[in-house]
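*Asks:* This is the structure I want to talk about, given as structure tokens.
The values are calculated or read from the model by the stated rules, or taken from the named source; none is laboratory data. Please read all numbers here as calculations on a predicted model, not as lab measurements. Reconstructed Cβ throughout: ideal geometry from the backbone, glycine too, with neighbour counts over all protein chains shown. Keep in mind that these areas ignore ligands, DNA and RNA; they rest on the heavy atoms of the full protein, side chains included. Shrake-Rupley method; radii C 1.70, N 1.55, O 1.52, S 1.80 Å.
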Amino acid sequence: IKKQQQDVLGFLEANKIEFEEKDIAANEENRKWMRENVPEDSRPASGNPLPPRLFNDSRYLGDYEAFFEARENNAVYAFLGLTAPPGSKVSVHISHRQP
């Protein structure tokens with residue numbers, strides 16, 4: 001989980017995409033918010049959804065695998081619901097947990 005979180009954060013920082021982290025380990029409100037905003041069909045069969053999960057405001061975008069696939073296809077801005085800046089190959093919420 002930690003490596004996936006670092007991968008997402010590193011990409012967003014390197015591309016100067018604004019984001020807000022929501023730590024779900026230390027903050028019950030953030031944990032509740034994530035659980036309520038991950039759609040039913042994107043939740044695991046048992047247990048709770050694990051981070052990282054990406055949102056644009058309260059709109060659920062996907063998990064790490066969806067982000068990774070979008071990045072591999074050079075479609076991260078579309079995945080994030082953002083307009084790509086001119087010459088590029090944003091505000092996003094990322095639910096995560098601290099180790």
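*Asks:* For Lys32, which aspartates and glutamates qualify as cross-link partners when the Cα separation must be under 13 Å and same-chain residues fewer than eight apart are set aside?
*Replies:* Those aspartates and glutamates meeting the cut-off are Asp23.
*Asks:* Among [x] -0.25, -0.90; [y] -0.43, -1.05; [z] -0.28, -1.01, which is the computed log10 I(q)/I(0) by the Debye sum over Cα atoms at q = 0.10, 0.19 Å⁻¹?
*Replies:* [x]
*Asks:* Separation between the Glu28 and Ala45 pseudo-spin-labels, each 7 Å from Cα along Cα→Cβ, expressed in nm?
*Replies:* Between Glu28 and Ala45, the simple spin-label model gives 3.1 nm.
*Asks:* Now for a separate question. Hand me the GluC sites (Glu not before Pro) from the range 1-55 located in a DSSP loop with no more than 12 other Cβ atoms within 10 Å, in residue order please.
*Replies:* Listed in order of number, the matching sites are Glu18.
*Asks:* Please give the per residue accessible area of the chain, computed with a probe of 1.4 Å over protein heavy atoms only, in Å².
*Replies:* I get 61 Å² per residue for this part.
*Asks:* Right, next: Amide H neighbours of Gly62 under 5 Å, counting only residues 5+ apart in sequence or on other chains, H built in-plane at 1.01 Å?
*Replies:* Placed amide hydrogens put Leu54 under 5 Å from Gly62.
*Asks:* Below 14 Å, Cα to Cα, which aspartates and glutamates can Lys3 reach? Residues fewer than 8 away in the same chain don't count.
*Replies:* In chain and number order, the partners are Asp63, Glu65.
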